[in-house]
Amino acid sequence: MTNQRLVLRFLQRLGAVAVLTGALLAGAVSAPALAETNSGPAASVGASAPGYVALGDSFTSGQGAPPYMFDGTACLRSKRASYPIFSAVISPYRLVSNNACSGASTADIPAQLLGVSPSTALVTLTVGGIDAGSNVVLAACAPDPASPVCLGAINNSVAQLSVLAPKLVGTYGLVAATLPQAKIAVLSYPRQFKPGFSQLGDVLNGATDALNTVIAGSVAAMAIPRIRFVDASQEFAAHGVGSRVPYFAFDPLNPFASANFHPNALGNSLGYARALVNDGLLRRR
């Protein structure tokens with residue numbers, strides 16, 4: 001079976017084809033063939049296809065949707081089900097590479113841009129969570145969300161938000177200057193928990209909202225039309241951990257599993273990729 005059929009069958013199992021068919025029929029996107037690249041399955045629609053590069057942290061690498069690429073890194077890039085892979089499958093863009101990496105901060109984006117073609121037409125990006133200390137908060141609060149350690153981690157994360165905006169503005173400016181022809185989609189971090197599911201979940205949801213406010217404000221401050229903030233909250237709504245159909249990986253038997261609290265295959269297809277479709281980012285200019 002070809003890679004294209006494997007992925008389309010996978011999408012059918014997720015119910016994504018039905019959701020995205022309207023966009024396909026409207027001419028917004030077209031279903032390309034697939035080819036294996038060093039970043040996993042990528043859309044291949046010929047040499048003239050506009051190039052697409054994914055940057056950022058674990059939410060873009062696909063950490064919540066194993067298995068991962070064997071690429072000699074600890075980046076936890078999903079082999080089949082990151083949102084960049086789904087986005088390439090349903091759009092005219094050719095995924096050249098997914099350079100995103102688990103644990104990446106704004107300081108890591110310059111290295112991720114090395115070797116990227118200046119003619120790249122589309123960039124998608126999630127970054128800022130690590131800068132704000134999201135991984136530290138999760139580690140500190142998971143054992144006991146009411147503990148002083150958790151409270152201290154949250155307070156420190158909030159403090160980090162006050163200095164995050166200049167880092168984000170600098171990062172977006174660097175991407176725009178390095179890739180002068182690219183549309184740049186800056187995606188939000190969706191709420192990870194069903195409201196009321198747990199005290200920790202509600203705390204982290206609030207922190208996520210605050211982080212997204214800084215990200216959206218930083219994009220707005222750029223005042224560059226080709227840099228767009230993509231708010232995926234609507235697509236992820238009612239699908240947090242604890243919901244009937246969660247869009248996040250979570251293994252209750254292994255609370256510290258690497259995939260936990262990251263978008264799973266459903267979240268990457270019906271959440272992030274769908275948000276990109278709904279906001280028109282996957283339409284070719």
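Condition check ((1) at pLDDT 95 or above; (2) out of contact with any Leu (no Cβ under 8 Å at 6 or more places or on another chain); (3) buried (at least 20 other Cβ atoms within 10 Å of the Cβ); (4) closer than 19 Å to Ala176 by Cβ) across all residues:
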residue: Ala47; (1), (2), (3), (4): no, yes, no, no
residue: Gly56; (1), (2), (3), (4): yes, no, yes, yes
residue: Lys79; (1), (2), (3), (4): yes, yes, no, no
residue: Ile90; (1), (2), (3), (4): yes, no, yes, no
residue: Val96; (1), (2), (3), (4): yes, yes, yes, yes
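Could you check, for region 163-170, whether at least one of its residues is of a type outside the set (D, E, K, R), surrounded by 14 or more Cβ atoms within 10 Å (Cβ to Cβ) and in contact with a strand residue (DSSP E or B) (Cβ under 9 Å, 6 or more places away or on another chain)?
So far as region 163-170 goes, yes, one or more of its residues are of a type outside the set (D, E, K, R), surrounded by 14 or more Cβ atoms within 10 Å (Cβ to Cβ) and in contact with a strand residue (DSSP E or B) (Cβ under 9 Å, 6 or more places away or on another chain).
Of the conditions (1) closer than 20 Å to Val186 by Cβ; (2) touching a residue at least 60 places away in the same chain (Cβ under 8 Å), Ala221 clears all except one; give me its number.
(2)
Quick grid of which residues meet (1) closer than 16 Å to Leu168 by Cα; (2) in a strand (DSSP E or B); (3) in contact with a Ser or Thr (Cβ under 9 Å, 6 or more places away or on another chain):
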residue	(1), (2), (3)
Cys101	no, no, yes
Ala104	yes, no, yes
Ile109	yes, no, yes
Pro118	no, no, yes
Thr124	yes, yes, yes
Gly129	yes, no, yes
Ala132	yes, no, yes
Val137	no, no, yes
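I'm trying to understand the selection: among the residues of region 46-63, which are in a loop (DSSP other than H, G, I, E, B) and out of contact with any helix residue (DSSP H, G or I) (no Cβ under 7 Å at 6 or more places or on another chain)?
Gly46, Ala47, Ser48, Ala49, Pro50, Asp57, Gln63, listed by residue number.
Which of the residues belonging to region 60-74 are surrounded by 21 or more Cβ atoms within 10 Å (Cβ to Cβ) and either of a type in the set (S, T, N, Q) or under 22 Å from Gly115 (Cα atoms) (or both)?
In the first step, residues of region 60-74 are kept if they are surrounded by 21 or more Cβ atoms within 10 Å (Cβ to Cβ); the result is 60-65, 68.
Residues satisfying the conditions are Thr60, Ser61, Gly62, Gln63.
Which ones in region 181-208 are under 23 Å from Ser61 (Cα atoms) and of a type in the set (D, E, K, R)?
Residues satisfying the conditions are Lys183, Arg191.
Please find, within region 233-279, the residue that is nearest to the chain's Cα centre (by Cα) out of those that are of a type in the set (Phe, Trp, Tyr) and not in a loop (DSSP other than H, G, I, E, B).
Tyr272
State all residues of region 58-97 that are on the phi > 0 side of the Ramachandran plot and in contact with a strand residue (DSSP E or B) (Cβ under 6 Å, 6 or more places away or on another chain); if no residue qualifies, say none.
In the first step, residues of region 58-97 are kept if they are on the phi > 0 side of the Ramachandran plot; the result is 62, 72, 76.
Across region 58-97, the qualifying residues are Gly62, Leu76.
Return only the number of the condition from (1) outside any helix (DSSP H, G or I); (2) closer than 28 Å to Ser97 by Cα; (3) among the aliphatic types (A, V, I, L, M) that Ala177 does not satisfy.
Failing condition for Ala177: (1).
The values are calculated or read from the model by the stated rules, or taken from the named source; none is laboratory data. Here the structure is a predicted model, which means the values were calculated and not measured. FYI the Cβ positions are ideal-geometry reconstructions off the backbone, even for glycines, and counts take in every protein chain you see.
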